[in-house]
Structure formats: C-alpha cells, structure tokens
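For reference, the structure is listed below as structure tokens.
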Amino acid sequence: MPVLNIYKLDGSQAGTIEVNNDIFGIEPNKHVMHEVLVAELAEARQGSASTKTRAEVRGGGRKPFRQKGTGRARQGSTRAPHMVGGGVVHGPKPRSYAKKVNKKVRKLALKSALATKISEGNVIVLDDFTLETPKTKTFINFAKALNFDGVKQLYVTNDDADNIDRDYFLYLSTRNIEKVAAINTRDLSIYWLIKQDKVILTKEALATIEEVLA
C-alpha cells in the first residue's frame, strides 16, 4: 500500500499516511493517459478562428474589367480566391474541438498519473494549517525547506466551505511564485499532473480524490 509523507507548513515532517492501493498503486496505463491529455488540450482550444468565403466577402459584384480585348485572362469578380482581398478556400470556421472521453477512461487516466507521481516520490501531503492572511514568503520558505525551490509545484486544495478562506489564501500566496500553481480538486487533470513536477495535496483534497476515484 503506497505511503505518503505528511509535512507541516514550516517544512517539518508530521508523519505518514497510507493511501488506497486500488487508486494510487495501480499499474499506470500510458495509452489512456495520452488519450485523455489529447482530449484536455483539444477542449482548451477556443475554436473561434474564422475566414470568409467568396460569398461572404463584401464587394465583387462588378467584373474587374471587360471580358475581351485586354489580353488578360477573363475575370468575373475581384472577390475570387485567387484575387487580392478575395475569399479564402477551405479556411477555418468556428468549431468545437471537444473530444468525447468516457468517465471511466478519465478516472483511469487520473489514477495512472497519480500512481506514476507517487511511485516517483513526487507527491506529499500538507498537514492541517492556518493562514490568517496571504503570505507568499511562507510558501517560499516551505519550498526551500523541502528542496523544492525552483521546481514546478502543484498545490491541490479542496472545495470545502469550512476551509474556503484558508484555501483561497493559499492560492493568493502561491500565484506569484514562479513555476507554482494552485488548483482545486475539481480542476485536477492529466495536464497539470504531467506539467508540474511536485504535487502537494491538502488532507481534505486527498480525501476528496480518494472518494471521487474510488
């Protein structure tokens, strides 16, 4: 059964915690992780690029010049695709890039990514802590104490009404630190787990992840 280290905000170790082997100890499925990552990146695209066809470009109702006698090739409109200012052939139109992925596949991908991080020793748990005000220096010192300084870190908090101020203060404290990101459990994705090197979970976030992925 995988075991995670628990650390206090001052950088001292506060024990360990065993996590569900069926969730965090599985054999990672790299194919599924890749499939879900591609879907997440595709869903992040706006799909708002748009060009006009020759029918949509304004003007072009009159022939540019007479049909015969000029020595030039005959032309019917200045808005033909080969003319300057003309329409675009097969150009992009607004569309959705969303890719359908089943819930079970997404769950398996998240399990695989978390299992990979844990097997590499890149996941820790943040012990109960209080923040009266946002304090960036607190988390800079925390990273230095754990030799995370300059390393890509991902803080994962929980959508918990009891700790909403504390978790928001954590976000405010870390958002200005280079290579550090703070997200909620509902925003946890393959993209973030692959992008960041170290994952720091609050106890509440760990409990929520285990519940959702069970």
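Listing for the model above:
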{"read-out": "Structure-derived Cα extents along the principal axes in Å: which label, when the choices are [x] 49, 34, 33; [y] 92, 38, 31; [z] 47, 34, 29", "value": "[y]"}
{"read-out": "12 Å beta-carbon shell around Gln196, net charge (K/R +1, D/E -1)", "value": "+4"}
{"read-out": "The range 12-149: relative contact order in percent, alpha carbon pairs under 8 Å with at least 6 residues between", "value": "34 percent"}
{"read-out": "Euclidean distance between Cα centres, the range 1-68 to the range 93-115, Å", "value": "9 Å"}
{"read-out": "For the chain, accessible area per residue (1.4 Å probe, heavy atoms of protein chains only), Å²", "value": "61 Å²"}
{"read-out": "Listed residue pairs exceeding 28 Å between alpha carbons, taken from Lys30/Lys99; Lys93/Lys152; Lys103/Lys203; Lys107/Lys195; Lys8/Lys111; Lys104/Lys198", "value": "Lys93/Lys152"}
{"read-out": "Chain lengthening between Gln46 and Ile164 when straightened (0.36 nm per residue, less Cα-Cα)", "value": "39.4 nm"}
{"read-out": "Net charge of neighbours whose Cβ lies under 13 Å from the Cβ of Ser48, counting Lys and Arg as +1 and Asp and Glu as -1", "value": "+3"}
{"read-out": "Under DSSP loop assignment and at most 14 Cβ neighbours within 10 Å, longest GluC sites (Glu not before Pro)-free interval of the chain", "value": "57-119"}
{"read-out": "Rounded percent of accessible protein surface that carbon and sulfur make up, the chain, 1.4 Å probe", "value": "49 percent"}
{"read-out": "Kirkwood hydrodynamic radius over Cα pairs of the range 104-214, then Stokes diffusion coefficient at 10 °C and 1.306 mPa s, in µm²/s", "value": "112 µm²/s"}
{"read-out": "The range 34-97, Cα convex hull volume normalised per residue, Å³", "value": "96 Å³"}
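The values are calculated or read from the model by the stated rules, or taken from the named source; none is laboratory data. Remember, predicted model here, so these are calculated numbers, not experimental data. Cβ sites come from the backbone with ideal geometry, for glycine too, and all protein chains shown count toward neighbours. SASA here: full protein model, heavy atoms, side chains in, ligands and nucleic acids out. Shrake-Rupley method; radii C 1.70, N 1.55, O 1.52, S 1.80 Å.
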